[in-house]
Every structure is written in structure tokens, then in C-alpha cells.
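A.B. asks: Before I ask anything, let me first share the structure, which is written out below as C-alpha cells.
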């Protein structure tokens, strides 16, 4: 294959990949193209197959069916060490008896990289990750966020164009997750590497990724930008999984002009309170949750699931009272009896 034709190929391709254990589904019909320099998040609930997909890409598992291509080379049956990639794990995977510096350069030392080159790469990686001055510390002397930065520094010195991350922030508290999330995204941009990132946290996926791959029960439900998944969900599962709060679903028979067996999706920000008698629905207030900049108001109405609205600031309305709400047809998402999106 010529260099020109290689440049026309996606950086990573998974084509109809499947993995099963004792006949039980792991993943099925996984087809995905990843562009060079992009940040791709594999998102979904526990057990959906996202980590299995990452392990197949890494070479830690071999597929029963399908093909995996990295940089134009078929690596379907290749060992992990032959795939030109690095990994960052949830558990940090640091050697407790080695210092920060020794952990970072361990892989380079195994590959017999010259000492001067090892030191140069290590210092650059520690500078990028904000760990200069911590070279002699052991992992036990570091915070969780610092340990994860050591794991990131180790991936950086590996110098591989593809980095796979398996829920690297799940062991951190909320404040640290937010901080390290920004670090990872900045590193990816500055280094120009391709990242495939597994998470069950939609905030991580939506804030970091160029492309989100949402999975359920071993299959891909939708591939697209965060905007695509939020504003144009492919089915009712995507509508209910993406967004906080998730999209409400209304039985079609509740709205004039819609098929009775359809489902109509509606986001909380498109619902407004109107004077009594002038709304499309009269709802009972089930709960109010103050979120700081806004208040989430839960509503109950026959034929609806998860109906909510957002009010700016503090707006604690009395529970079990009734309000009228309105919304425009242009903001509605229409799904057929199979739960698949039918409007543009």
C-alpha cells in the first residue's frame, strides 16, 4: 500500500469484531473508524462491552470474528507489544517499590533505550504532567491524582501514537477527576496522539471526546459527536442515557398529531411553566432539586417518563402542587415502536 493511500485510511479500524465466552456475548458486530489525533470515548453502563472492546484493540484479547487494523496494518492476531500503543489503567499499575522516575522509564529500560535518552524523555514527561520534583518519591507517598499523572507520564515516554485508557479517573474524587480530566485532554492535544478512552461517566465522555461511541449489551448504539448524541439521539436508549437529566419520553397518544404507539422525547431545557389553563400538560410537582445555578423540577403526568424542567437559580416549588407546562413541536424527538429515531 502506498503512503498516499495509507493517508486516506482511518488511523484505527475495527470491522465486524465479535468476542464471546462459552457462547455468551461479549461484543458483537463492532465496526468503528478512528481518525488520527482524535479523542474517542467508549461510553456505556457496566457490562456493555466497552472494556472488552478496548482489550481487543489492545491485543489483550483476540476476537472470534472480524478484523482490527492500526495504521494500515492488520493486527487482529498480533500481540499487544506489536501494536504500537500505550495503556493507562484504572489501577495506575505502578510498581510500589520503584520511585516515580523508575516507574516512568521502566518500559524504556526494558527496551534498552540509552540512559541519556531515557532521562531526557522522563524529564519532559514529568514537566508536562506537573511532576518535576517528585522523581524520588514512591507511589505510596503520592496522592491518587499524582499516581495517575505518573501513569500518564509513563504513557508519554512510550512515545506511541495510540494511547488506550481504561476508566483512569474512577478511583479519584470528583474534584480531582475534573482536574485530571483537563490534564488528559490538554496532553492529548499538545502531543497530537490518538486516545481511546473507556468510561461509564457521560460527563467525561461529553466534555473530552471528539467522538463518542455509546454501547449497550455488547453492541454499538450510536457513534457521533457529543452534540449528535445529545441533540439527535439515535434511539430511546441513547435519549435516556445521555444528558443530566435524561430526555423525558412521552407516549405518542398524549400529543395531537403523533402516532399513538410512538415515543416522543423532550429535554428539560425546552419545557416552560405557563399560566394555569394555557399549557399543553397540567403536571404534579414530584420533587425539586437545587443544583446551584438552576433548580431541577421533577414532574408527573400520565403517559410520560422522566418529565422535568429547569428553572434558573433557586426555585423550590411546593411538592404535590400542580403547574401547567408548555413546549414547542420543533424541540420534540420522535421514535418509532422499535425505539429508533424517525425525525431529522
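A.B. asks: What Kirkwood hydrodynamic radius do you get for the range 198-335 when you take the inverse of the mean 1/r over all pairs of distinct Cα atoms, in Å?
C.D. replies: Numbers: mean 1/r = 0.0626 Å⁻¹.
By the Kirkwood definition, the hydrodynamic radius is 16.0 Å.
A.B. asks: Can you grab the distance from the C-alpha centre of the range 259-297 to the C-alpha centre of the range 100-133, Å, no decimals?
C.D. replies: Using only Cα atoms to place each centre, the spacing works out to 54 Å.
A.B. asks: Ranked by Cβ crowding within 10 angstrom, fewest neighbours first, how are 288, 163 ordered?
C.D. replies: 288, 163
A.B. asks: Using Cα centres only, tell me the gap between the range 68-93 and the range 178-202 in whole Å.
C.D. replies: 18 Å
A.B. asks: Where in the range 90-120 does the label zone of residue 140 land, with the point 7 angstrom along Cα→C-beta and an amide N cut-off under 19 Å?
C.D. replies: 92-104
A.B. asks: Could you tell me whether the range 43-122 comes out rounded, prolate or oblate from its Cα gyration tensor? Rule is a ≥ b ≥ c as square roots of the eigenvalues, rounded for a/c under 1.5, then prolate if a/b exceeds b/c, otherwise oblate.
C.D. replies: oblate
A.B. asks: Can you tell me the FRET efficiency between residue 93 and residue 290 if r is taken as the Cβ-Cβ distance and R0 is 56 Å, rounded to the nearest 0.05?
C.D. replies: On the way: r = 40 Å, r/R0 = 0.72.
Computed FRET efficiency for residue 93 and residue 290: 0.90.
A.B. asks: Sum -39500 (n - 2.57) across every DSSP H segment of at least 4 residues in the chain, then divide by the residue count to get the 222 nm mean residue ellipticity, nearest 500.
C.D. replies: Estimated from H runs of four or more residues: -8000 deg cm²/dmol.
A.B. asks: Taking 45 Å as R0, compute the FRET efficiency from the Cβ-Cβ separation of residue 124 and residue 77 and round it to 0.05.
C.D. replies: 0.85
A.B. asks: May I pose another question? For the chain, modelled as a Gaussian network with Cα springs under 10 Å, which listed residue fluctuates most, 132, 164, 57?
C.D. replies: Highest fluctuation of the listed residues: 132.
A.B. asks: Give, in nm to one decimal, the length gained when the segment between residue 320 and residue 261 is fully stretched (0.36 nm per residue of separation minus the Cα-Cα distance).
C.D. replies: 18.3 nm
A.B. asks: I need the semi-axes of the equivalent ellipsoid of the range 70-172: take the C-alpha gyration tensor, multiply each eigenvalue by 5, square-root it, list largest first in whole angstrom.
C.D. replies: 23, 17, 11
A.B. asks: Run the paramagnetic zone check for residue 338: 7 angstrom along Cα to Cβ, then residues of the range 217-245 with backbone nitrogen under 19 Å.
C.D. replies: Label zone hits: 217-223, 233-240.
A.B. asks: Could you give the nm distance between label points at residue 33 and residue 182, where each point is 7 Å from its Cα heading toward the beta carbon?
C.D. replies: Distance between label points: 3.5 nm.
A.B. asks: If r is the Cβ-Cβ distance from residue 228 to residue 115 and R0 is 41 Å, what FRET efficiency results, to the nearest 0.05?
C.D. replies: 0.25
Each reported figure results from applying straightforward, stated rules to the coordinates on display, with no laboratory input. For clarity, every value in this text was computed on a predicted model and none was experimentally measured. All Cβ positions, even for glycine, are placed from backbone atoms using ideal geometry, and neighbour counts span all protein chains on display.
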